[in-house]
1. In segment A:241-266, which residues are under 29 Å from the mean Cα position of the chain (by Cα) and in contact (Cβ under 8 Å) with a residue 12 or more places away in the chain?
2. Looking at A:296, A:255, which one is surrounded by fewer than 19 Cβ atoms within 10 Å (Cβ to Cβ) and within 14 Å of another protein chain (Cβ to nearest Cβ)?
3. Would it be correct to say that residue A:216 is touching a residue at least 12 places away in the same chain (Cβ under 8 Å), within 16 Å of the ligand (Cβ to nearest atom) and away from chain B (no Cβ under 14 Å)?
4. Step by step: first the residues of segment B:266-291, then only those that are more than 7 Å from chain A (Cβ to nearest Cβ) and within 19 Å of the chain's Cα centre (by Cα), then the one that is nearest to residue B:203 (Cα to Cα). Which residue is that?
5. Just to be sure, is residue A:48 within 16 Å of the ligand (Cβ to nearest atom), within 14 Å of another protein chain (Cβ to nearest Cβ), modelled with pLDDT of 85 or more and crowded, with 17+ Cβ neighbours inside 10 Å?
6. Determine which member of the set A:292, A:335, A:299 is out of contact with any helix residue (DSSP H, G or I) (no Cβ under 6 Å at 6 or more places or on another chain), within 28 Å of residue A:390 (Cβ to Cβ) and in contact (Cβ under 8 Å) with a residue 60 or more places away in the chain.
7. Can you name the number of the only condition in (1) more than 10 Å from the ligand (Cβ to nearest atom); (2) in contact with a helix residue (DSSP H, G or I) (Cβ under 9 Å, 6 or more places away or on another chain) that residue A:66 fails?
8. Looking only at segment A:433-482, which residues are under 21 Å from the mean Cα position of the chain (by Cα) and more than 14 Å from chain B (Cβ to nearest Cβ)?
Ligand code: HEM
């Protein structure tokens, strides 16, 4: 228990030295600074930080899912803009979240740096003098010995040195201290927090991340134009992206008998542009790491393939588009195929549902197996105006429902198709489900702060263990001649900071000292077992 | 591989046995409280509680009290601990059988995770109670949440044993999740101790004649509870820190970033910050005692929220879920 230690407030740092600027300003600044760097403030700021993180988990966040945020806007058209103005959809990059953690870190620096200086001094300094009244300390007691004062203190000093105390004698007083590592751990822990924050910030400023769906046989190069979505730190220069190109040669998903997915692997080639590239395999939990960049497979899915024959005999072969899995268990997937350039005035679009292993019951197609054993699609064909050039961005995975509502896109047929089957629209257009391809969702990431963060985290944990597990102990002894004239009365006391109960430890130490003193006074001293 | 169905059934049987035995232990702990004599005020003024176990760690009776009742209470207490140990063995059997049947670590879904967390709490409590007599008196308050928790887990979280999904097939499952289970289980004990501390210290603050006479009087002294809460939190905090760090390392290879404020990550962070706040509060003037204990209770609520609401309601990348 730390009850023995006096309450420790943050030591006040020296005032910002400005001799002529007026004492009152300096005094007030000093007051603020003291208040900011006090532990009480730190506790309040810790709570604010915890509290500030809460909305980030309860409201949809742009950094996690743009789609969910858009959905929230659609569901709460009045509330959402207000929340947005308060940065509640970007909590973790909001100014107020930053304000809380920056204040906390300023408080931390103001608290820890003076302590580090003090600690550096303490490491070299001798243990402090013994307090005047040792018996006031909660752990204290007296031991009588026939030895002379100096000889008695010699024994105590030897015993304490064996226990790795640093010992200093001042006349009839003795002070000893050990456990400096606890404070070192404390400082390491708190300073690592700062290092960790710097690492995080560096990663955000100079890092980037791009995702893309790649069909088997296709590839991409690391550039922001190619990614479906990307995010980049403000200090990243497009010229800085490492010139890597990746080709997906084969994608494999394996399943347990109960259809739990057991592994996803992608055979890829990677290298510079126009190089043949090195082959490798990446998978779940097993990304490619090269030169500070990482490449992941984050998902997979199917791209059904269609051919369209127009009434005038024009044929479009093998048009395919990725359908996004809506149920990862069965890989039932949904998507849309938009053909703005097919058939002159009327544009053509398909919206559909893909089942790798389909089962049609009562005209409704469902998927019963994630493996492509019997792929089927349920498609609805639309004709009319897609609204692609209206200037409003559209999802590539679905049709613009407002165009259908307004009657600009009109349903022209619907069917469930197996591979090779066709449907014919009223105007004679023939749509054939000709097969499918598999695609992998890939993510390319670069985070230069990552290793720094890892090292800081390890330092943090090390410091924490030292801080929590070690004890800092001071032992004092004072020798005084015994009142009856024969021998010495030793007053012993100890002061412990840190976990653990100090009383039993003090009792054990006292017993050991008593035994050692007794060993010295016995008329025929045996070889002391403690002589080192 | 195909799971061994008979072992899975055995695991479910063990679950029922564990719940039944915990209930028996709970009754025995209640009996211990009921038979233990209430401290008499006169003696309390001298500074010794009437129930010796409350005062000394060795349960030495104070001579004048009727030893019969105390011995009976102690016998109930020992019986309760013994049954708790048996229950914990059955409880461990739930996980061991699952592990053998499925040939994997038995923390691949929320049912298994929550079951393991409760087991850690029970083991932590038994270890503490064996070392300190005083803590046997809080058995009821540990076992009651345990029984409730187990029933809830059995009713709402139960899933059939199944192989792990691909994302969980990593050595980090063993490292990250094990640490999270340990940390969580220990924080549970810490939180219960702080709740009891709050109850007890409120009672102690009253003048002697207004003090509660029921179970409150039989709780260990508030300083014992406070120390228990602090020591367990100090033990749990580095473990939880490690769990979060290991989770980040795993996320880096599994999800493409080491930290992304996924709801589960966010709440683990919140819990970490709250427990750091607790450790600070314990050493800061003005926060010691009841305010600090409240912080620990908030920490407990955050942990429980993280296990229940975040897993079941919000959609994140963590593939634990009800199903
Ligand atoms: C990110 C925020 C912080 C975290 C997570 C954190 C965490 C911790 C932890 C876990 C301890 C150990 C408590 C114990 O000894 O039981 C501790 C101790 C300490 N912290 Fe912090 N801390 C933070 C910020 C601060 C700040 C801002 C200050 C200064 C105002 C501060 C000053 C101290 C001091 C002086 C101790 C030593 C207490 C003692 O040894 O008795 N910490 N901190």
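1. Those that are under 29 Å from the mean Cα position of the chain (by Cα) and in contact (Cβ under 8 Å) with a residue 12 or more places away in the chain: A:241, A:242, A:243, A:244, A:245, A:246, A:253, A:261, A:263, A:264, A:265, A:266.
2. None of the other options fit; the residue is A:255.
3. no
4. Selected residue: B:278.
5. Yes, satisfied.
6. Answer to the selection: A:335.
7. (2)
8. Residues satisfying the conditions do not exist here.
The values are calculated or read from the model by the stated rules, or taken from the named source; none is laboratory data. No experiment lies behind these values; they were computed from the predicted model shown. Note that each Cβ is placed from the backbone with ideal geometry, even for glycine, and that neighbours are counted across all protein chains shown.
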